[in-house]
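Asks: Questions regarding the structure given below will be posed in turn.
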Amino acid sequence: MSRVYNFSAGPAVLPEEVLREAAEEMLDYKGSGMSVMEMSHRSKVFEEILFQAERDLRDLMGIPDNYKVLFLQGGGNLMFAQIPMNLMKHGTADYIVTGQWAKKAWQEAQKYGTANKIASSEDKTYSYIPDCSDLPVSPEADYVYICENNTIYGTKFKQLPDTKGKILVSDVSSCFLSEPVDVERYGVIWGGVQKNVGPAGVVIAIVREDLITDEVWPGTPTLMKFKTQADNNSLYNTPPCYGIYICGKVFQWLKRQGGLAAMKERNEKKAAILYDYLDKSKLFSGTVRKEDRSLMNIPFVTGSAELDAAFVKEATAAGFVNLKGHRTVGGMRASIYNAMPEAGVQALVDFMKQFEEKNA
Ligand SMILES: *Cc1c(COP(=O)(O)O)cnc(C)c1O
């Protein structure tokens, strides 16, 4: 067996410890005589998995009691609809468009009401976060929406926008559990788990209780009402059982690492190894304004499409995989989520240095 250094943006690298545990429990989960994939979601055994996962997530993030934790399906793209369906109670919302995922969310919201774009960084290929200290927030807006870490472009909100008293809704898919958060600053924090937390198929939404009501867009499917899932502990229908089980294992792993403050420190150290090299290199450079750099997704280029392609090819052969950048940015992107060890980032930088020397 040989594992590669996997820099995929998502689905992405998971902690090896978690994968080993899951492998050990595959045929017989804790004496149940079956795998977690084979058991009823109504069984005591599965309920314990689900409730323990929620307790651990609450501990990790310090989620206050007046917030519900919902385990949902449909991925990020379904949430783009589910958010306005549940929250556009007066038919208006404001969107800050800092990348493709925010743009898609904004476009989807237009089906359910008036979605205003109140700031954007599209003019420079989303390579920065716009100034959000004094935005033209609509007086009638039900919420202000952001994508907090832009997976494709490698930018991150270092400061939350001033929403002028409106509820903040944040897509944290690619920075979920990468650092501590102050949950109370948000109305909704949600993320698809396949970037930094678990396998594809689970979306976690942390929703302030007073926002969960029967007052939703009239055509909202039963399953897409937050209230349906909140009233049923995410067990209204069959949830993505195996995905939740793996997320639960990742939560426990994060606790063993020292929690989110420890992860932040570790993630800063890891990202600095790559950014410091990019700032010194004569061949490679980062594509994002320095103060807006993400700790999780790091795009970089050589300035030559041929050299970029050669780099990706040679890196792949050397065991550094999934480094090709998104087609709208070009070049390369290294996603260095929680589960990427520091040794992986260091090895990548050593490989980049060799490539730079060879191509000087
Ligand atoms: C990947 C991603 C999405 C889309 O998720 P899907 O589950 O593929 O629909 C949305 N937002 C962010 C920030 C992402 O990184």
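The values are calculated or read from the model by the stated rules, or taken from the named source; none is laboratory data. None of these values were measured; they are calculated from a predicted model. Because the Cβ atoms are built from the backbone with ideal geometry, glycine has one as well, and the counts that use them run over all protein chains shown.
Asks: Within the bounds of segment 130-153, is there any residue that is within 16 Å of the ligand (Cβ to nearest atom) and surrounded by fewer than 24 Cβ atoms within 10 Å (Cβ to Cβ)?
Replies: Step one: filter segment 130-153 for residues within 16 Å of the ligand (Cβ to nearest atom), giving 145-153.
Of the ones still in play, those that are also surrounded by fewer than 24 Cβ atoms within 10 Å (Cβ to Cβ) are 152.
Yes, because at least one residue in segment 130-153 is within 16 Å of the ligand (Cβ to nearest atom) and surrounded by fewer than 24 Cβ atoms within 10 Å (Cβ to Cβ).
Asks: Starting from segment 140-160, take each residue that is under 17 Å from K264 (Cα atoms) and list its partners that are hydrophobic (A, V, I, L, M, F, W, C) and outside any loop (DSSP other than H, G, I, E, B), counting only C-beta distances under 6 angstrom and pairs at least six apart or across chains.
Replies: Partner pairs satisfying both residue conditions: G154/I298.
Asks: Let me ask you something else. Counting just the residues of segment 159-217 that are among the polar types (S, T, N, Q) and more than 16 Å from the ligand (Cβ to nearest atom), which one comes out surrounded by the fewest Cβ atoms within 10 Å (Cβ to Cβ)? Lay out the reasoning, then the answer.
Replies: Initial filter on segment 159-217 (among the polar types (S, T, N, Q)): 159, 163, 170, 173-174, 178, 194, 196, 213.
Retained after the next criterion (residues that are more than 16 Å from the ligand (Cβ to nearest atom)): 159, 163, 213.
Numbers: Q159: 10, T163: 23, T213: 14.
Looking at the filtered set, the residue picked out is Q159.
Asks: Moving to a separate point now. In segment 60-84, which residues are surrounded by 14 or more Cβ atoms within 10 Å (Cβ to Cβ) and more than 16 Å from the ligand (Cβ to nearest atom)?
Replies: Hits for segment 60-84 are L60, M61, I63, Y67, K68, V69.
Asks: Taking the criterion of being within 16 Å of the ligand (Cβ to nearest atom), touching a Ser or Thr at 6+ places or on another chain (Cβ under 7 Å) and in the same structural domain as Q159 (by TED's automatic domain parsing), would at least one residue in segment 19-28 satisfy it? Show your work before the answer.
Replies: The first filter runs over segment 19-28 and keeps only residues within 16 Å of the ligand (Cβ to nearest atom), leaving none.
Checked against the condition, which is being within 16 Å of the ligand (Cβ to nearest atom), touching a Ser or Thr at 6+ places or on another chain (Cβ under 7 Å) and in the same structural domain as Q159 (by TED's automatic domain parsing), segment 19-28 yields no hits at all.
Asks: I would also like to ask the following. Is it fair to say F226 is touching a Gly at 6+ places or on another chain (Cβ under 7 Å) and not assigned by TED's automatic domain parsing to the domain that holds N297?
Replies: Working: touching a Gly at 6+ places or on another chain (Cβ under 7 Å): no; not assigned by TED's automatic domain parsing to the domain that holds N297: yes.
No; evaluated as a whole, the condition is false for this residue.
Asks: Taking only segment 85-119 into account, find how many residues are within 16 Å of the ligand (Cβ to nearest atom) and among the polar types (S, T, N, Q).
Replies: 3
Asks: Go through (1) surrounded by fewer than 18 Cβ atoms within 10 Å (Cβ to Cβ); (2) in contact (Cβ under 8 Å) with a residue 24 or more places away in the chain for V45 and report which single condition fails.
Replies: (2)
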